[in-house]
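One structure below.
The values are calculated or read from the model by the stated rules, or taken from the named source; none is laboratory data. The structure displayed is predicted, hence computed values, not measured ones. Note that we place each Cβ from the backbone using ideal geometry, even for glycine, and neighbour counts take in every protein chain shown.
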Amino acid sequence: MSKAIEWTVKDARVELGTRSVIVGILNATPDSFSDGGQVDSVESAVARALRMLDDGAGIIDVGGESTRPGFEPVSPEDEIGRVVPVIEDLIGKRPDCILSVDTSKAIVAEAALKAGARVVNDIWGFQFDPEMAAVAAASSAGVILMRNGRDGELGGSVLNRIRASWEKSLRLASAAGVAESAIALDPGVGFGTTRQEDLEILRGLEVLRSFGFPLMLGASRKRITAQPKGLPLEKRLEATLATSVAGVMAGVELFRVHDVAENARALDFSDLIYRGGRLDE
């Protein structure tokens, strides 16, 4: 039986450990690597988010800047203009929903948190904007700190590089007053890694869990899920589901995915097997 833990996200608590929590991806951008342009208005973004919530997402992660390789940077003002109206509308329709903002800019995070987001998902783990940790701490926000190797990392195995990056992020969080109970970690599949290294991350998830914080896995539709046959984006669902099941086997708590309904079905049954669920006769 998996042990229940509470992840504190502002005024709410998310129970982790006894069941998988899906983080639905909502890209309010025209150039996302897998679904850019599908959400082209506040109304369509909110409608997609509501569908994901109804399909089983426990958290919606709203992003206003693509993080695909070679992306075009977006100004903070434009990023705020993309995410804040969506967050405000969603909170108006579902006041209790847990929303995350996918950003590395403190000014964007602050605006999103004021609008109703409860979590900051920072792909640079507080290492890009020196004000980000303080903004998160001031709001008692939940945080997801990702290791990102796109600017280069010191040598060593990918698991050791992840540990080194997390240690730096955790020092920054502690110095700013972010509570340990508010922190989750992400190993950064596809961010400055080779395909083989992504495979090593998936194989090493149980080792990474020994770091002592909840883990989020974000492998949905990534390049690793195209292997070994080089599948196009629209044919990567089954491989994505395989990464999710592997995550449950390793004890991963959070799963950031595009295809919520399909992942929810796979994770619900995987939880029964690997987290000690029971069925009535």
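Just a few scattered comments:
- For Ile224, the conditions (1) in contact with a Leu (Cβ under 8 Å, 6 or more places away or on another chain); (2) closer than 30 Å to Ala4 by Cα; (3) touching a residue at least 24 places away in the same chain (Cβ under 8 Å) all hold with the exception of (2).
- Single unsatisfied condition, Trp124 versus (1) under 26 Å from Ala219 (Cα atoms); (2) touching a residue at least 40 places away in the same chain (Cβ under 8 Å): (2)
- Verdict on Gly24 being under 29 Å from Leu231 (Cβ atoms), at pLDDT 95 or above and among the small types (Gly, Ala, Ser): yes
- Subset tally (residues that are in contact (Cβ under 8 Å) with a residue 40 or more places away in the chain and either within 14 Å of the chain's Cα centre (by Cα) or surrounded by fewer than 18 Cβ atoms within 10 Å (Cβ to Cβ) (or both)) for the range 251-264: 9
- When the range 1-13 is filtered for residues that are aliphatic (A, V, I, L, M), part of a strand (DSSP E or B) and in contact with a Gly (Cβ under 7 Å, 6 or more places away or on another chain), the ones remaining, listed by number, are Ile5, Val9.
- All conditions but one from (1) within 18 Å of the chain's Cα centre (by Cα); (2) basic (Lys, Arg); (3) crowded, with 20+ Cβ neighbours inside 10 Å apply to Arg223; the one that does not is (3).
- Number of residues in the range 227-268 that are among the hydrophobic types (A, V, I, L, M, F, W, C), over 23 Å from Leu50 (Cα atoms), outside any loop (DSSP other than H, G, I, E, B) and at pLDDT 95 or above: the value is 7.
- Filtering the range 160-217 to residues that are surrounded by 17 or more Cβ atoms within 10 Å (Cβ to Cβ), aliphatic (A, V, I, L, M) and assigned to a helix (DSSP H, G or I) leaves Ile162, Leu170, Leu172, Ala173, Ala176, Ala182, Ile201, Leu202, Leu205, Leu208.
- Which listed residue is assigned to a helix (DSSP H, G or I) and either among the aliphatic types (A, V, I, L, M) or touching a residue at least 12 places away in the same chain (Cβ under 8 Å) (or both), from Leu145, Leu113, Leu99: Leu113
- Condition check for Ile91: at pLDDT 95 or above and under 21 Å from Met146 (Cβ atoms): no
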